Amino acid sequence: MGRKKKELPLLEKITITDVAAEGKALAKVNDLVIFVPYVVPGDVVDLQLKRKKNHYAEAVAVNFHEYSPKRAVPFCKHYGVCGGCKWQVLPYEEQLKYKQKQIFDNLTRIGKIELPEMSPILGSAKTQFYRNKLEFTFSNKRWLTEEEVKADVKYDQMNAVGFHIPGAFDKVLAIDECWLQDDISNRIRNAVRDYAYEHEFSFYNIRQQEGLLRNLMIRTSSTGELMVLLQCRVEGENDINQVNKLLGFVADKFPEITSLLYVVNNKCNDTINDLDVVVFKGNDHIFEEMEGLKFKIGPKSFYQTNSEQAYELYKVARNFAGLTGNELVYDLYTGTGTIANFVSGKAAKVIGIEYVPEAIEDAKVNSEINGIKNTLFYAGDMKDILTQEFINEHGRPDVIITDPPRAGMHDDVINTILFAEPKRIVYVSCNPATQARDLSLLDAKYSVKAIQPVDMFPHTHHVENVVLLEKR
């Protein structure tokens, strides 16, 4: 017989004092730091502890005594259940203040290096419908909200398409209306759902690894083009026939779709980089546009999800690079070559390196369609490509622009950058904690000259940060 789990206490009338990581807020009781979701500084609440360690705990607010004057009314009916857009309860101006503070705290506490004054964060012009890409998951296990559970009703339809519930990998919250992407996204998702219900399509069961419909990706673009990719598990001819009928329905109902695709995925995970994508109708790509440059976006391509704010981000990076037209630039983690091509007009030569081969092919195409002749692109693991031999062969860069994934840069990459000794490094990051760690490793030879945060993701805790380093 298992040991009875110790019941954790209820703490009454606790004031929320600050914003913490991962979209949570923070309270302190004596020496105990408590992390709480879906509250804001100034709220006075009763907290039910859910998990307790020596110096911190996690809790949920079970009763509100006072609402903070800083609080905003959430605009999405899925708020608090979906797990996304956790900062809807904070006015956007307050979100920006905390994001600025988050970056400053990370750079000072983790980096422990001398910093110049940080520029005010650049907010996003759009705070709703700002994303150009969303992915929805099909599941035969619909998440029931607390209200639905309490109603004690037997639901006939337990299939759902929407977002994974945090902490429940096999359950999906049915999404009716999402405010992240243009409303065409809502209409397409709901039409696919209704057709699948009507024709009794099977939704994926992640535990049993069965079911036809797995995933739906929708991409919009500033050029007005629209990509839809349906991911399916296919067991035989009947499944393919069902997929074709569904896609035929989608094509007829939404003629504005310029790229209608599907992929057969019978693997255990949803990644499609190693799978063949089939064109059902239209093109196998869409285009984004920036300053007259066109960027080809395929189904496997990475592109910043906030197109308008990406332009602001890249302008900061280009400005920090201080190009005069004579520089050799290395663009690390180049993706589809967006930054490389964006800065190429003010550089002598730009070399881009990226892990995903398909992205590099897109980068080459992006140079070609824009008539750009001074770029070179290489595919492979950064630490394997960017070596001292590579530097010796291609020349020491005057400027390195680096935009690594959330994990930051590998030590080998940092050591090669130190060997290369560029005059300037422009470090773009979506994770100020790993950026701070990397800056401390570069600190022996480089000093930070400018810091510019750029908010790409309103209503979330995520933020991009651009740092300019110059050789000491």
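We did not get these values from a lab; they are worked out from the coordinates using the rules stated. Predicted model only: the values in this text are computed from it and were never measured. Virtual Cβ from ideal backbone geometry, glycine too; neighbours counted across all protein chains shown.
Worth pointing out:
- Here, segment 8-92 has an Rg and a Dmax of 12.3, 37 Å when only alpha carbons are counted.
- Segment 1-160: C-alpha gyration tensor shape, a/c 1.5 cut-off, then a/b vs b/c: oblate
- The Rg/Rh ratio of segment 183-230, with both radii computed over alpha carbons and Rh defined as the Kirkwood radius, is 1.06.
- Alpha-carbon centroid distance for the pair segment 398-412 / segment 167-223, whole angstrom: 34
- Within segment 269-425, the percentage of alpha carbon pairs spaced more than 20 angstrom apart rounds to 49%.
- Pairwise FRET efficiency - residue 158 versus residue 190, Cβ, R0 = 25 Å, nearest 0.05: 0.90
- Quotient of the Cα radius of gyration of the chain and 2.2 N^0.38 Å, N being its number of residues: 1.06.
- Pair residue 355, residue 326: separation of 7 Å Cα→Cβ label points (nm): 3.7
- Over segment 324-472, relative contact order from alpha-carbon pairs under 8 Å, at least 6 apart, %: 19
- Nonlocal amide H pairs with residue 351, under 5 Å, H built at 1.01 Å: 329, 330, 331, 376
- Computed log10 I(q)/I(0) for segment 361-440 at 0.18, 0.19 Å⁻¹: -0.87, -0.95, from the Debye equation with unit scatterers placed on every C-alpha and solvent omitted.
- Whole-number percent relative contact order across segment 1-117, with pairs defined as alpha carbons under 8 Å at least 6 apart: 19
- In angstrom, the C-alpha Rg and Dmax of segment 404-472 are 12.3, 40.
- For segment 194-289, the spread of Cα positions along the three principal axes, ordered from largest to smallest, is 42, 30, 20 Å.
- Residues whose placed amide H lies under 5 Å from that of residue 450, excluding near-sequence neighbours: 468
- Label-to-label distance, nm, for residues given as residue 384 and residue 208 (7 Å Cα→Cβ offset): 4.0
- If R0 is taken as 25 Å, the Cβ-Cβ distance between residue 274 and residue 235 corresponds to a FRET efficiency of 0.80.
- Counting lysine pairs in segment 214-309 that sit 8 or more residues apart in sequence, or on different chains, and whose Cα atoms lie under 27 Å apart gives 12.
- Spread of Cα-to-Cα distances over 10 Å intervals beginning at zero, given as percent, for segment 141-217: 17, 49, 32, 2
- Förster radius 45 Å - calculated FRET efficiency between residue 119 and residue 65 (Cβ-Cβ, nearest 0.05): 0.70
- Computed from label points 7 Å out along Cα-Cβ, the spacing between residue 471 and residue 249 is 6.3 nm.
- Averaging the sequence gap over all C-alpha pairs within less than 8 Å and six or more residues apart, then dividing by the number of residues, gives the chain a relative contact order of 13 percent.
- The phi-based Karplus calculation (6.51 cos²θ - 1.76 cosθ + 1.60; θ = phi - 60°) puts the 3J(HN,Hα) values of segment 415-431 at 5, 5, 4, 5, 5, 5, 6, x, 5, 9, 10, 10, 10, 9, 9, 9, 9 Hz, whole numbers, x for Gly and Pro.
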